[in-house]
1. At a 1.4 Å probe radius, carbon and sulfur cover how many percent of the accessible area of region 83-218?
2. Please work out whether region 24-165 counts as rounded, prolate or oblate from its C-alpha gyration tensor, where a ≥ b ≥ c are the square roots of the eigenvalues and a/c under 1.5 means rounded, while otherwise a/b larger than b/c means prolate and anything else oblate?
3. Report the gain in length on full extension from residue 35 to residue 145: 0.36 nm times residue separation, minus Cα-Cα distance, nm rounded to one decimal.
4. So, for region 298-394, what is the accessible surface per residue at a probe of 1.4 Å, expressed in square angstrom?
5. Treating the beta-carbon of each Lys and Arg as +1 and of each Asp and Glu as -1, no other charges, what is the dipole magnitude of region 131-205 about its Cα centre, to the nearest 20 debye?
6. Show me, for region 89-103, the HN-Hα J-couplings you get by feeding each phi into the Karplus relation (A = 6.51, B = -1.76, C = 1.60, θ = phi - 60°), rounded to Hz, glycine and proline as x.
7. Leaving out ligands and nucleic acids, and using a 1.4 Å probe, what accessible area per residue does region 34-165 come to in Å²?
8. Distance between Cα centroids, region 69-139 to region 316-341: provide it in whole Å.
Amino acid sequence: MAAPLTRYAAPASARAAQAVRAARRRASRLPAAVRDALLPALLLLNVLTTHPPQDLPVNVALTAALTLPLLWRRRAPHAVFGVVAAAAFVQWLMDVQLPADIALLVALYTVAATSGRRGTLAAVAVVEAGALLACHRWAADGAFLTPFVAVSAMAVAAAVLGMNVRTTRAYLAAVEERAARLEQQQEQQARLAVAEERARITREMHDIVTHNLSVMVALTDAAVCAQHRSPDKATAAMLQISETGRQALTDMRRSLGVLRTDEPDAERHPLPGIAQLQDLAEQMGAAGLPTGIEVDGGDTGVPATAQLTVYRLVQEALTNALKHTPPGTRAQVRVRCSARAVTVDVTDSGPGSPLPGAGHGIPGMRERAAAYGGTLRAGPLPGGGWGVHARLNLGGSGVVSA
């Protein structure tokens, strides 16, 4: 007989477990108010169906006093616990035993799930005192210890379960807060990156457009003046204008290539650097500003982005000299390279000078130098003319953007 019973018991227990899990899932979908009302309704129904009619008024009143406050246990856990404990004490005074005493454990669980350690310990002490009184009155002779230990174990289990729920909620709240904070930081970093990229593109466009337009205007003026006296020079100036325009378009495609994934021109044309300063000097000379270039130390150890910064600094300084100085002015560029820093000096001999802070040229130059932890000075020279001095530090790792 044992084998058949075992064969049938296993599927039965499995079905029972599945039924319990299904009931839990369905109960979790119910509103909290409905779930809180289930226990009082079941306990009141138990009293109405199992107790004799003459005991119903007292038993129903005590059951209602013990269970109905549970409807408000989520909003006022301490007050509900106090009311339930008082009703349990009245029940003890009236010497009435009811299954509704389980409401005291539910109220204890709620206090432990919503209060700190002190509140939980105080509630446990109240329940233990009630268990001591109940076991002293209703336990069978000589069987005090067993029911007291059982009731105490249930009280401790309810308190521990409530504290675990509180700890889990606090942990989940901390995780959610941390995730929200990280998301906010990521959004801020993304906004800063976008602002930095916009500033970089703005500086690039300013340098490219200002320089090339200034050169083209100067070459156009020279071509107009020479078109009758020296047509060959006028033709050469016009050809230089077209070459300058094509170079400007190439620089703009290269600088904006990061915004278009289908733009191959940026890959075909490398970034300008120190090696291209001589071509820049020849372009400025054709535009009417004879420029000398002097490079010390070589550029092999200078990163490409730092070389681009040097090129843009020199380009902007020479463009300012071309715009703000009279014909006959000469410019000199000196670049000194080392493993730790690059220094740039651009001077001109013109009596005029750009106004510090006028436009975006000099502030943009300062931003480029600051990106490498360097400095930039621009102002009139003691012996006349205008000078720009910049230093880029290459030893630090905190390069922001070229």
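1. On the way: 5320 of 8060 Å².
Using a 1.4 Å probe with all protein chains present, region 83-218 comes out at 66 percent carbon and sulfur.
2. Working: a/c = 1.75, a/b = 1.10, b/c = 1.59.
Oblate.
3. My answer for the length gained is 36.2 nm.
4. It amounts to 43 Å² per residue over region 298-394.
5. On the way: 9 positive and 8 negative charges, 22 e Å.
Here the size comes out at about 100 debye.
6. Running phi through 6.51 cos²θ - 1.76 cosθ + 1.60 with θ = phi - 60° gives 5, 4, 4, 5, 4, 7, 6, 10, 9, 9, x, 5, 4, 4, 4 Hz.
7. On the way: 7080 Å² over 132 residues.
I get 54 Å² per residue for region 34-165.
8. Using only Cα atoms to place each centre, the spacing works out to 88 Å.
The values are calculated or read from the model by the stated rules, or taken from the named source; none is laboratory data. Keep in mind that this is a model prediction, so the values were computed, not measured. Cβ atoms come from the backbone with ideal geometry, glycine included; neighbour counts cover every protein chain shown. Side chains are part of the model used for accessible areas, which takes the heavy atoms of the whole protein and leaves out ligands, DNA and RNA. Shrake-Rupley method; radii C 1.70, N 1.55, O 1.52, S 1.80 Å.
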